[in-house]
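Encoded as structure tokens, the structure appears first; notes follow it.
Every read-out reported here was derived from the displayed coordinates using simple, explicitly stated rules and does not represent laboratory data. Not measured: the values here are computed from a predicted model. We place every Cβ from the backbone using ideal geometry, glycine too, and count neighbours over all the protein chains shown.
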Amino acid sequence: MARVAVITAPNIGYRNTGMLTVDLAFESLRRRTGAEFDTTWYTLHPPETVPLRAAAQGTDFPFRFHALTEHLDTLRDHDAVVFWGDFLHARHYLAQDATNRLLDFGVAADRAAARALLNRALLLADQPDDLLARTLGYGGTILHNTQSDYEDEQYGPLFARLMTRSHRVWMRDPLSAAKVAHLRGDRTTEYFGADAALLSRPGDLDHLPTTRWSRDLPDDGAIGVFLGARTPIPAWLPAFCQGLSDRFGAPLEWLPWFDRDVPSQVAHIAPRPGDHTVGDLVRVLSRYRLVITDTYHLCVNAWGVGTPVLCVGGPEPAPTTDDDYLTLSDLKKHVFHLAYDAADFYLTTLPDTPEAHERRADRVVHLVEDGGAGAVATRVRRHADHSATAFTETLTSLLGTAGRP
């Protein structure tokens, strides 16, 4: 049987629900298509590096991760290598998040050693061309890459080699896709793929265990709220949320997408009592009337099951230090909504007049109640399904030629 190596971003303790849905989507795709191959999962730091979050404990996930840096030589034993999702190839990720984690966990002695190891692990620096020729990238992003990144003598040549010699690449946003088209000198191939989490269709994750927590919604629905994790909450936002609750006749409910306390600004929004599982967090999304959040993959997953999202984001500041992680930038949220003509649902934190806020609320209510939000959700789903077909056909073809002269 063919063997596929899947390389994903680290999600220690399964703390990040959205990143978990990215990983689960690869298995959703394999199950749905009936593809027959063995999958080996790799990441920089396996989830068990730290204790698993309570919502993930006891769940039989369809993968077991190996530490990528300890198994680099095994990649060549696979018929295909798939980089799956996230910022894995962005220079700022290698220099910031990934390097700092290698140092934190004692995997590398210093920053130079960490970067050298990351070049081997994520840019395949010492792998032969024939391995790159059977490598696919899906759902990644290089949104923040600039010309100065490509002039980095460590990063530029290795990144260009990976992007140009890989068998096929799909990026999760159209700007990253345009950058790859420039690098490959190819204006005809489609490089804009969906976010990998969207390759799970509604119902694909129903195998995850759930409890009454995700079933006990009010009969008239509720509005799920998760704020303060990625973007500071402006003073006017709690009242805006309450106004939408009143307009829809649906109560606000705290959705614990991550394990964190409810911010003081929205402390009046109560979480539903009882313990929940990761499966509950995913399953409840389709039952909400609306989701209000500042968190990228909560937006993605809610739109993916047809639930409208009011996405809160701040203006895009220029990074001031190397500690300003660009992976946490609000830009990815804004670009996602722009890509699907959903800017009506992107709510900037910039101050505005009460009249302007009222007009925005009117627009959101109108779009949700009169079908505009449904049109956005359909657009997201159709693109994801089209992209999923292209990816699976390419992977199947690649595996079909494995071992042939």
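On a full-extension model of 0.36 nm per residue, what is the gain between Glu358 and Phe63, subtracting their alpha-carbon distance, rounded to one decimal in nm?
Values: separation 295, 0.36 × 295 = 106.20 nm, distance 4.66 nm.
Difference between extended and current length: 101.5 nm.
If you plug each phi of the range 179-190 into the Karplus form 6.51 cos²θ - 1.76 cosθ + 1.60 with θ = phi - 60°, what whole-Hz ³J(HN,Hα) values come out, in order, with x for Gly and Pro?
Per residue, the Karplus-derived 3J(HN,Hα) values read 5, 5, 4, 4, 5, 7, x, 10, 9, 10, 7, 7 Hz.
How large is the Kirkwood hydrodynamic radius of the range 222-377, counting all unique pairs of alpha carbons, in Å? Working shown, then result.
Values: mean 1/r = 0.0627 Å⁻¹.
Taking the inverse mean of 1/r over all distinct Cα pairs, the range 222-377 comes out at 16.0 Å.
Need the full-extension length gain, Asp206 to Ala229, defined as separation in residues times 0.36 nm minus the C-alpha distance. One decimal, nm.
Details: separation 23, 0.36 × 23 = 8.28 nm, distance 2.65 nm.
Residue separation times 0.36 nm, minus the Cα-Cα distance, leaves 5.6 nm.
What's the magnitude of the charge dipole for the chain around its Cα centre, counting Lys and Arg as +1 and Asp and Glu as -1 at the beta-carbon? Answer in Debye, nearest 20. Walk me through the intermediate numbers first.
Numbers: 40 positive and 52 negative charges, 150 e Å.
Dipole about the Cα centre, nearest 20: 720 debye.
Check Ala2: other-chain or 5+ apart residues with amide H under 5 Å from its amide H, H built from backbone geometry?
Residues meeting the amide H criterion: Asp38.
Restricting to DSSP H runs of at least four residues, report the calculated mean residue ellipticity at 222 nm for the chain, -39500 (n - 2.57) per run over all residues, nearest 500 deg cm²/dmol. Don't jump to the answer; show the numbers that get you there.
On the way: 13 runs with 147 residues, N = 405.
My calculation for the chain gives -11000 deg cm²/dmol from helical runs alone.
Enter the angle in degrees (range 0 to 90, nearest 10) between the Cα long axis of helix 354-370 and the first principal axis of the Cα atoms of the chain, meaning the one along which they spread out most.
The answer is roughly 70 degrees.
Report, to the nearest 10°, how far helix 17-33 tilts away from the longest principal axis of the Cα atoms in the chain, using its own Cα long axis and a range of 0 to 90°.
Tilt relative to the chain: about 70 degrees.
Name the residues whose placed amide hydrogens come within less than 5 Å of the amide hydrogen of Leu44, ignoring near sequence neighbours (fewer than 5 apart) on the same chain.
Leu68
Using the Cα centre of the chain as origin and beta-carbon charges of +1 (Lys, Arg) and -1 (Asp, Glu), tell me which of Leu331, Leu398, Leu102 is placed farthest towards the positive end of the dipole.
Value: Leu398.
If you average 1/r across every pair of different Cα atoms in the range 14-110 and take the reciprocal, what Kirkwood value do you get, in Å?
Here the Kirkwood hydrodynamic radius works out to 15.2 Å.
Along the range 267-274, what does the Karplus equation 6.51 cos²θ - 1.76 cosθ + 1.60 (θ = phi - 60°) give for ³J(HN,Hα), rounded to whole Hz, x for Gly and Pro?
3J(HN,Hα) across the range 267-274, in whole Hz: 4, 6, 8, 7, x, 5, x, x.
Which ³J(HN,Hα) values in Hz, rounded to whole numbers, follow from the phi angles of the range 238-247 under the Karplus curve 6.51 cos²θ - 1.76 cosθ + 1.60, where θ = phi - 60° and Gly and Pro get x?
x, 5, 4, 4, 5, x, 5, 4, 5, 5
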